[in-house]
Amino acid sequence: MVGTLSDTRRHILLAGGGHAHAVALRLLASKPPAPHVRLTLASPSPYNLYSGALPGVIAGYWPVDAIAVPLQPLCTATGTNFIQDRVESISPDARIAHLASGKELRFDLMSLDVGSGIRDLNIPGGSKKIVPIRPIAPFLERWDSLLSHLETAKTRQTVLVIGAGLAGIEVSLALDHRLKSKRAASPQVCLVDTAPTIASECAHTLRRRLSRALQKAGIACLLQTRITNISGDTVTLSSGETVQADFIVNCAGSAPHDWIDQTGLKTINGRVEVDEYLRSTSHPHIWAAGDTAYFKPKPLAPAGVFAVRAAPVIAENIRRYSKNSEPYAFRPQSDYLKLVSLGRRRAIAEKFGITLEGGWVWNLKKSIDFSFLRQHSLPPGD
């Protein structure tokens, strides 16, 4: 069975306002759990920023507010208590969450959806110059600051993007488009990666189209290359060459939060190991999804699509937990549709190695993204 009653109303704590929890709350609004549980969402921000539509913000097609899902209305619709605070550690055996404010929250069941950060590159001199793509809000503040500077800049602007995976490619194309739209003097965007090829995790057909898009945009790919040192605006590469960079973005891959590994939960590569029901394999009263989790039955790529697909399982298992019923299993798909924006109003779609490209794919991606945002952005009071 799922567990036994600890009191008349069991407390479920949702730690983090990521995609999985935002979608799960929307589903619980239409089909709530039994009244024997009370829900709390603890999140450092009152908004969930939908990362799938971030390239459009970078490229200047829509403001950041357009990709923000307000969490408070979702909580109101489900009778969930919202606490704007960050869960920084947990004591799983004692069932206590420790918040950044110093407060503690006791729970019977916890679901972790705290996302991830970006892998620290440990480059000498890089701590102040390199801007991680996540968290999104601080990144956009730095990007907006550079754009403001461009209003008066007369010199060539050079931007380095570290990481030539899908995220780095999308970001570099979006940055390039925005810089050119601002009529920056001969902007240069460069992708830097230690790998021998771009998007090495992707199908060859997708890599070929992405390579063509980067060449058309004039984006240089410095492959089998790493940054060894940064001093001011001077970047030294492993080749011995130096580059003057006005802006450096870290898209080198996700990294779990350090505190996850210190909880006593069983982890794999810093992520909570979960079973087919998204339960911790060492502490079944702790659940995890998205980038926070390592799915033991079938290791998954750290992609937002899996967090969204996990949401119905979380919602259903909250309902089943409230009724003391057996949990429902997560069955992720073997492949998923990848929609990659190209900076301009074009995008590439790929699934099972089949790729399509064009303005209509960009429109399709925009339609899917904003349909998701409309569906989960409840007005206050709903």
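What to note about this one:
- Within the range 133-161, considering residues that are in a loop (DSSP other than H, G, I, E, B) and β-branched (Val, Ile, Thr), the one farthest from Ala315 (Cα to Cα): Thr155
- Qualifying residue in the range 356-371 (condition: more than 24 Å from Ser200 (Cβ to Cβ), crowded, with 17+ Cβ neighbours inside 10 Å, in contact with a strand residue (DSSP E or B) (Cβ under 9 Å, 6 or more places away or on another chain) and among the small types (Gly, Ala, Ser)): no
- For the range 164-178, residues that are within 11 Å of Ala217 (Cα to Cα) and not in a helix (DSSP H, G or I) total 0.
- For the range 339-355, a residue qualifies if it is of a type in the set (A, V, I, L, M) and either modelled with pLDDT under 90 or buried (at least 16 other Cβ atoms within 10 Å of the Cβ) (or both), and the qualifying residues are Leu339, Val340, Leu342, Ala347, Ile348, Ala349.
- In summary, Thr194 fulfils each of the numbered conditions (1) part of a helix (DSSP H, G or I); (2) surrounded by fewer than 22 Cβ atoms within 10 Å (Cβ to Cβ) with the single exception of condition (1).
- Residue in the range 240-255 that is within 30 Å of Ile96 (Cβ to Cβ) and either surrounded by 14 or more Cβ atoms within 10 Å (Cβ to Cβ) or assigned by TED's automatic domain parsing to the domain that holds Ile96 (or both) present: yes
- Residue count, the range 127-173 (criterion: in contact with a Leu (Cβ under 8 Å, 6 or more places away or on another chain), without any contact (Cβ under 8 Å) to a residue 40 or more places away in the chain and of a type in the set (Ser, Thr, Tyr)): 0
- Members of the range 339-382 found to be over 20 Å from Tyr61 (Cα atoms), touching a residue at least 40 places away in the same chain (Cβ under 8 Å) and assigned to a strand (DSSP E or B), listed by number: Glu350, Ile354, Thr355
- Qualifying residues in the range 93-126 (those that are under 18 Å from the mean Cα position of the chain (by Cα) and surrounded by fewer than 20 Cβ atoms within 10 Å (Cβ to Cβ)) - the one farthest from Leu13 (Cα to Cα): Asp120
- When the helices (runs of 4 or more DSSP H) confined to the range 46-132 are screened for residues that are touching a strand residue (DSSP E or B) at 6+ places or on another chain (Cβ under 7 Å), those reaching at least 3 such residues are found at 71-78.
- Within the range 326-371, being among the small types (Gly, Ala, Ser) and out of contact with any helix residue (DSSP H, G or I) (no Cβ under 8 Å at 6 or more places or on another chain) holds for Ser334, Gly358, Gly359, Ser367, Ser371.
- Inside the range 36-60, residues that are farther than 19 Å from Gly290 by Cβ and either of a type in the set (Gly, Ala, Ser) or touching a residue at least 60 places away in the same chain (Cβ under 8 Å) (or both) make up a count of 8.
- Among the residues making up the range 209-233, those that are surrounded by 13 or more Cβ atoms within 10 Å (Cβ to Cβ), among the hydroxyl-bearing types (Ser, Thr, Tyr) and not in a helix (DSSP H, G or I) are Thr225, Thr228.
The values are calculated or read from the model by the stated rules, or taken from the named source; none is laboratory data. Bear in mind the structure is a predicted one, so any value in this text is a computation, not a measurement. As a convention, Cβ positions derive from the backbone with ideal geometry for all residues, glycine included, and neighbour counts pool all protein chains shown.
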